[in-house]
Structures are given as C-alpha cells and as structure tokens.
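Since the structure comes first, as structure tokens, the remarks are kept for the end.
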Ligand code: ZN
Ligand code: MN
C-alpha cells in the first residue's frame, strides 16, 4: 500500500481541528521521508537543522498526536530505544541486535490471527511481531 503524503495527513488532521506549525510539519515530512525508523532523539537532531528553536517537547507532542491519529507506528525494539515509523500500514520489522538497524519486512501473516482465534477463542484485533538477528554488514565483521 502506498504511504500517505504529508498534504493528505495535514488535511485530515485539520478537519479534526488539529493545527500544524511549520515545525510540526517538518517532523511529519521527515518521518514520511525516511525509511530508517528513527528514535525521537534522531528526529530532534534532523528537525533542529531546519528549525534550531525546536524543542524535544515539541517532538514528543507531535509524535504522540500522530500516533493517536494512526499516522505513526511506535516500534518497541526490545532493549533498543523506541523507534518511530511514518508508515502506519501493517508491516513487520527485522532488528539487528548488533547495530540496532531496523528494516521493513512486508509479508502477509494475517492467518496468524485466525490461528490465534482457533487456539484461544479470542476475537483478534491486531498482532505485533518483531524479528531479531544480525544484519548483513554486521555478519561480515563478526
Ligand atoms: Zn547490524
Ligand atoms: Mn517500517
């Protein structure tokens, strides 16, 4: 599925009465632009280059607002710090336990929901799955 562009997201939030400053817009644009699954600190450093006055508080407020409106995924990568993904469509992630790199893994595992229902009787709403391992460049070093 195609990721949403900034204009469509801004319009949808504006319809809900959520106001966007140029700083907040820069945060959103950075998230949509990168495939690196950055931490809040990394987002802060990037946006600060364009808006030196931006605060870490603004970064966290904006991330929370985007998350609450389902335009952002918050990834729990185990011991590594929390990462953010501007692609909110359902997809999986592979984490390198050596360098911390997070890579997208697109595959259809929706049958897991049916399997969980079969085994537990729960009506499954969602599932989370993270793969851990060692990436190609790290495997060459070690
Ligand atoms: Zn690695
Ligand atoms: Mn991703």
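Look at (1) more than 16 Å from ligand 2 (Cβ to nearest atom); (2) in a loop (DSSP other than H, G, I, E, B); (3) surrounded by fewer than 16 Cβ atoms within 10 Å (Cβ to Cβ) and you find that residue 45 fails only one, number (2). Hey, does the stretch 53-65 have a residue that's part of a helix (DSSP H, G or I), within 16 Å of ligand 2 (Cβ to nearest atom) and either closer than 26 Å to residue 26 by Cα or not assigned by TED's automatic domain parsing to the domain that holds residue 42 (or both)? Yes - at least one qualifying residue is present in the stretch 53-65. Among the residues of the stretch 81-102, some residue qualifies, meaning at least one is in the same structural domain as residue 38 (by TED's automatic domain parsing) and away from ligand 2 (no atom under 14 Å from the Cβ).
Of the residues making up the stretch 81-99, those that are within 13 Å of ligand 1 (Cβ to nearest atom) and surrounded by fewer than 16 Cβ atoms within 10 Å (Cβ to Cβ) are 94, 97, 98, 99. Note on the stretch 66-77: residues that are touching a strand residue (DSSP E or B) at 6+ places or on another chain (Cβ under 7 Å) and either loosely packed, with under 14 Cβ neighbours inside 10 Å or not in a loop (DSSP other than H, G, I, E, B) (or both) amount to 4.
Checking each residue in the stretch 88-108 for being touching a strand residue (DSSP E or B) at 6+ places or on another chain (Cβ under 7 Å) and either under 19 Å from residue 47 (Cβ atoms) or part of a loop (DSSP other than H, G, I, E, B) (or both) picks out 88, 91, 97, 107. Quick check on residue 77: is it in contact (Cβ under 8 Å) with a residue 40 or more places away in the chain, within 16 Å of ligand 1 (Cβ to nearest atom) and under 19 Å from residue 41 (Cα atoms)? Considered against the rule, which asks whether it is in contact (Cβ under 8 Å) with a residue 40 or more places away in the chain, within 16 Å of ligand 1 (Cβ to nearest atom) and under 19 Å from residue 41 (Cα atoms), residue 77 comes out as yes. For residues in the stretch 117-139 being within 25 Å of the chain's Cα centre (by Cα) and part of a helix (DSSP H, G or I), which is farthest from ligand 1 (Cβ to nearest atom)? Step by step, filter the stretch 117-139, then rank; the result is 136.
The values are calculated or read from the model by the stated rules, or taken from the named source; none is laboratory data. Only a predicted model underlies this, so the values are computations on that prediction, with no experimental measurement involved. Cβ coordinates were reconstructed from backbone atoms using ideal geometry, including for glycine residues, and neighbour counts include every protein chain displayed.
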